[in-house]
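Working notes, beginning with the structure itself.
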Amino acid sequence: MSRSDAFRRIALILPALVAILLLVGGPLGLMGWVTLLEKGTSAGVDWTSTPSLGNYQRLIWEEDFDGTLILNTNYLVIFLRSVVQAAVTTLLCLVLGVPVALWMAGLTPASRAMMLFLVTIPFWTNLLVRNYAWLIILREGGWLGMAVDAIWPFGPVQLLYNDVAVAIGLTYSFLPFMILPVYSVFEKLDWRLVEAAHDLGATRSRALRRVILPVAMPGLLAGSLLVFIPCLGAFVTPALLGGGKTLMLGNVIQMQFGPSRNWPFGAAISVVLLAIMLVAMTSLALWRNRRSA
């Protein structure tokens, strides 16, 4: 490669690099700096305070009246609940989304277009409105609650304001993000491979495990990331369907930037949330590279 070609490539890439540094790197760097500062007198940030790791320390430890540090597991429980809730939602979306995507791939082109239209309809409505609809469905006396009570013989079942309600709401909200990537892979699947597997004596379940799912792995990974990562930072669904009883990371961050007005601590939680997302994405990428090697 000549020097002129190298300079030409750099000139073409430079605007994108500058835009990324200004629009992504700049805000992230500012948020990271805010985490090292202290809360202002009434709200915001005290820009004159001495940088320290006190906000990160508050995630695990708290000061007693005499200044000694005491272990505080409240935020650790919220972190764990957020990760478990996101993992459960991802698993439910996989269980519900993969069969739907596989069924859609076997339809006629006109039926596929209709199903894609139906899957994307929820995006036309605000997420807040959809969660309020689930409030009506899951509340005591709602049609789903009455149906469950009619089946369950051990008394009334509380479907609202708990982890189950949050899982239902998150699964409903993010299920299209699982169906669409998986469907895009199944749509391009060569079904002659499945026929060849049946000709060689494979059962339906074996053909699914050995032929269909390995081919669909890129779509499964993409869908899992599209569901797991937004679930970690979700706050509308836990706030409404959880009723403040099942806090997740998004709720705690919103409380710190809202009622508590402790921006540095909220920024510290956001940085930890970002770190969890990066660890999840890196682990998935490494696992995928090991499988393809």
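Read-outs throughout are calculated quantities, based only on the coordinates presented, and are distinct from any laboratory measurement. This one's a predicted model, so the numbers in the text were calculated from it and none came from an experiment. All Cβ positions, even for glycine, are placed from backbone atoms using ideal geometry, and neighbour counts span all protein chains on display.
What the table shows:
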quantity: At least 20 Å along the helix axis (C-alpha) and Kyte average at least 1.6, DSSP helices within the chain; calculated: 74-105, 163-186, 217-232
quantity: Percent RCO, i.e. relative contact order, over the chain, from Cα pairs under 8 Å lying at least 6 residues apart; calculated: 25 percent
quantity: Within a Gaussian network of the chain (alpha carbon springs, distance under 10 Å), most fluctuating of Gly97, Gly219, Gly67; calculated: Gly67
quantity: Taking the range 74-244 and dividing mean pair separation by its residue count, relative contact order in percent (alpha carbons under 8 Å, at least six apart); calculated: 38 percent
quantity: Gaussian network model of the chain, Cα within-10 Å springs - most flexible of Thr90, Thr120, Thr246; calculated: Thr120
quantity: Helical mean residue ellipticity (222 nm; -39500 (n - 2.57) per DSSP H run of 4+; nearest 500) of the chain; calculated: -21500 deg cm²/dmol
quantity: Neighbourhood charge, 11 Å Cβ-Cβ cut-off, centred on Leu69 and excluding it, Lys, Arg +1 and Asp, Glu -1; calculated: -3
quantity: Most fluctuating residue given options Val182, Val271, Val194, as computed from a GNM of the chain linking Cα atoms under 10 Å; calculated: Val194
quantity: Relative contact order for the range 172-262, counting Cα pairs under 8 Å that sit 6 or more residues apart, in percent; calculated: 28 percent
quantity: Loop GluC sites (Glu not before Pro), the range 15-115, which have at most 10 other Cβ atoms in a 10 Å radius of their Cβ (DSSP); calculated: none
quantity: Extension gain (nm, one decimal) between Ile121 and Ile10, 0.36 nm per residue minus Cα-Cα; calculated: 35.7 nm
quantity: For mean projected area of the Cα convex hull in nm², calculated from these coordinates, the label among (1) 25.4; (2) 15.6; (3) 14.3; calculated: (1)
quantity: DSSP-assigned coil residues among trypsin sites (Lys or Arg not before Pro) in the range 207-278, each with at most 16 further Cβ atoms within 10 Å; calculated: Lys245, Arg261
